[in-house]
1. Is there any pair with a first residue in the range 231-254 that is assigned by TED's automatic domain parsing to the domain that holds E434 and closer than 11 Å to P329 by Cβ and a second that is part of a strand (DSSP E or B) and not hydroxyl-bearing (S, T, Y) whose Cβ atoms are under 8 Å apart and which are 6 or more apart or on different chains, and what are they?
2. Tell me, yes or no, whether the range 316-325 has at least one residue that is at pLDDT 95 or above, surrounded by fewer than 15 Cβ atoms within 10 Å (Cβ to Cβ), in a helix (DSSP H, G or I) and of a type in the set (D, E).
3. Return the residues of the range 125-163 that are under 17 Å from the mean Cα position of the chain (by Cα), of a type in the set (V, I, T) and buried (at least 23 other Cβ atoms within 10 Å of the Cβ); say none if nothing qualifies.
4. Can you spot a residue in the range 68-88 that is farther than 30 Å from K232 by Cβ, β-branched (V, I, T) and crowded, with 19+ Cβ neighbours inside 10 Å?
5. Looking at (1) surrounded by fewer than 18 Cβ atoms within 10 Å (Cβ to Cβ); (2) farther than 30 Å from K12 by Cα; (3) aromatic (F, W, Y), which is the one condition that is false for W63?
6. Taking the conditions exactly as written (farther than 24 Å from G118 by Cα, within 15 Å of the chain's Cα centre (by Cα) and among the β-branched types (V, I, T)), does V339 satisfy them or not?
7. Can we say V339 is of a type in the set (A, V, I, L, M, F, W, C) and either part of a strand (DSSP E or B) or more than 30 Å from T204 (Cβ to Cβ) (or both)?
8. Tell me yes or no: at least one residue of the range 358-366 is modelled with pLDDT of 95 or more and touching a Phe, Trp or Tyr at 6+ places or on another chain (Cβ under 7 Å).
Amino acid sequence: MAIENGSKKADKMVKVTKKDMVLPSKDLGRRECPLVTFDLPYVTFYYNQKLLLYKGNSSIDDWEEMVGNMKEALGEILVDFYPLAGRLEKDKEGVLRVVCDVKNVGVEVVEAVVDGVGIDELGEDESSFLLQEIVPYTGVLNLEGFRRPLLAVQFTKVKDGLAIGCAFNHAILDDHSTWHFMNSWAEICRRSGSISNPPLHDHTKARNTRVKLDLRSDQSQLANSPGMMREKIFRFSGSAIDKIKTDVNSSLSNGSKPFSTFQSLGVHIWRAVTRARHLNTKDSTVFTVFADCRKMFDSPTPENYFGNLIQAVSTATPTTTEALLGNAPAFGASMVQKVIEMHDSKMIEGRNKEWDASPKLFQWKDAGINRVAVGSSPRFKVYDIDFGCGRPEAVRSGKNNKFDGMVYLYEGKGGGRSIDVEISLEAQAMNNLEKDKEFLMEEH
């Protein structure tokens, strides 16, 4: 059966050849890991999807041996990252946790092949329709973790390489922990013997609360469609990033704090997307960043903490399109800078207490309109993930958890200060963005 691409049928097919459950290589007994305030809001999000593409070489050419080695290494690394091998469960008081025991254990691993498709096609700037076929659990809510594995992996053989698609239950980890796991798995694959940075599973380091959630048995209505969107990566060289930062800082008054690379790039994206949407001058717009809170506490949480430790931080007062675009870039950058600096340990704890008192489960529709939201970070060394077959040719996110205005930042493949900006937008707005010379920069 051909894969559908809108009303057009594609002549390329992904064929599943094998499906397994990979268990931790050692008997772990029974392990429990509570979900805390940082985790719980995401149970009604979707599985977080990542895709890594590798060009063929001698190791990839021996498909069965290579995949066998990766599955063996996966079993080994699950001993350290055991929550990924468990399932969601409620205790007697209705508090959510991850349980890993003989009844609830294992990661789903699929092997597949697709003919006539190469790594270059899958790694194109515009997201391929095949993405939802080579990354597992598209459209699957995290609540499915009560009966599905919390991690699913798909190895897809293409004509000149390997695609590794992963789906992580977002209720148990954020991007920081995701890439920590991926790098550790790769370490084991390279026969390092042990990993250099074991994970920390003590969630009391972040929060020590027990919050009961009222979860309905039927959550299918939460799976709202995002509508017709396009997803595309815009690649900015190190010199382009430097120019953006210089331009945004050029109108600063003496004594003002300079804007960081993130703040400069963030407002550059925010302004460009706002222009592309062709909003009315009085329409309001909001900028959101999913901030990593690990270093924001008075006593910073260790970098190897495994779980969710992010909060969505938004510009305090929505600004109008007229104000954002009618002023110099520093106007918007100062709003981004201010909200990030305000998000300190006291504010984090205040938001946690507020949520504990009145839990709110985020849903797809909560993204709001005219928003630009930035997740992930170019700080994550995604191109260092070498499973023994070299560096990836491309790294992408899957279809899940994307709405109009969602942005993911990745380090550029060339390294240095280069950054890849993956943007999801309504189709017409994306058409407009592609023609925006101010956004694209001269070197793009």
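The values are calculated or read from the model by the stated rules, or taken from the named source; none is laboratory data. Computed from a prediction, not measured in an experiment: that's the story for all the values here. Cβ coordinates were reconstructed from backbone atoms using ideal geometry, including for glycine residues, and neighbour counts include every protein chain displayed.
1. Hits for this filter: I244/F236.
2. Yes.
3. I134, V135, V153
4. Yes - at least one qualifying residue is present in the range 68-88.
5. Checking W63 against (1) surrounded by fewer than 18 Cβ atoms within 10 Å (Cβ to Cβ); (2) farther than 30 Å from K12 by Cα; (3) aromatic (F, W, Y), the one that fails is (2).
6. Details: farther than 24 Å from G118 by Cα: yes; within 15 Å of the chain's Cα centre (by Cα): no; among the β-branched types (V, I, T): yes.
Judged against the criteria, V339 is not a match.
7. Values: of a type in the set (A, V, I, L, M, F, W, C): yes; either part of a strand (DSSP E or B) or more than 30 Å from T204 (Cβ to Cβ) (or both): no.
No; evaluated as a whole, the condition is false for this residue.
8. Taking the range 358-366 and keeping what is modelled with pLDDT of 95 or more, we get none.
Among the residues of the range 358-366, not one is modelled with pLDDT of 95 or more and touching a Phe, Trp or Tyr at 6+ places or on another chain (Cβ under 7 Å), which makes the answer no.
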